[in-house]
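First the structure, in the form of structure tokens, and then the observations on it.
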Amino acid sequence: MEGEVTKSTRNGTRSNGMIVAMCLSFVVGMSAMCAAAVPLYRMFCQVTGYNGTTQRVEQVSNLILDKQIQVSFDANVAPGLPWDFKPLQKSVSPKIGETVEVKFQIENKSDKMERGQAIFNVTPLEAGVYFNKVQCFCFNETDLAPGEKREMSVVFYVDPEIAKAPETKTINALTLSYTYYPREGAKPVASNDGVTKPVEKKL
């Protein structure tokens, strides 16, 4: 009888161990899927313009319509990043298809090197697919030294197709919004700490 109890206990322990292993595998698998979902979602938004995500293009428009559209700018900084960030122009009113350059100013208010990257979107959301960026500071991470102030630009145009699509042809004003988020791994300020010092010869 005692042997049967021991055998039953071992089987129960083995079953519990398998359940724990399966649960751990499930958690690890879900974590991996979540990590992969973020870049995939962002790629999807950039390709489709979903959720107001703008488009990145390599060339300017070859068609300019005789119709203006107002583009306003909004600049924000997420908690944890001690930066000031603002557009140098609140808005512009280019013709649809006209390529425009707008400058933003950013300043690191802390006493250490900080790294951030800007996430962007356009409202109304359905207009995002027609907002084309040729150049933008948001394409890469930004490193700022302590107290550094910098001007950065975005070059863009609004695709003339916006005036044809039924859901966007009545839109005459857009807002381009940026939010800077902190990123890990800021480069340290250059110093002489790692420089090899010459060995003094003793007489």
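The values are calculated or read from the model by the stated rules, or taken from the named source; none is laboratory data. What you see is a predicted model; the values in this text were computed from it and never measured. Neighbour counts are summed over all protein chains in view; Cβ atoms, including those assigned to glycine, are modelled from backbone coordinates with ideal geometry. Each accessible area value is taken on the protein alone, full model and side chains, heavy atoms only, with ligands, DNA and RNA left out. Shrake-Rupley method; radii C 1.70, N 1.55, O 1.52, S 1.80 Å.
Results, tabulated for the structure shown:
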{"item": "Number of positions in the range 57-83 that are out of contact with any Pro (no Cβ under 8 Å at 6 or more places or on another chain), open to solvent by 70 Å² or more (accessible area, probe 1.4 Å) and within 17 Å of residue 175 (Cβ to Cβ)", "result": "1"}
{"item": "Any chance residue 98 is at pLDDT 95 or above, open to solvent by less than 50 Å² (accessible area, probe 1.4 Å) and out of contact with any His (no Cβ under 6 Å at 6 or more places or on another chain)", "result": "no"}
{"item": "The range 101-131, subset polar (S, T, N, Q) and at pLDDT 95 or above, residue farthest from residue 83 (Cα to Cα)", "result": "123"}
{"item": "Residue check, residue 146 modelled with pLDDT of 95 or more and crowded, with 16+ Cβ neighbours inside 10 Å", "result": "no"}
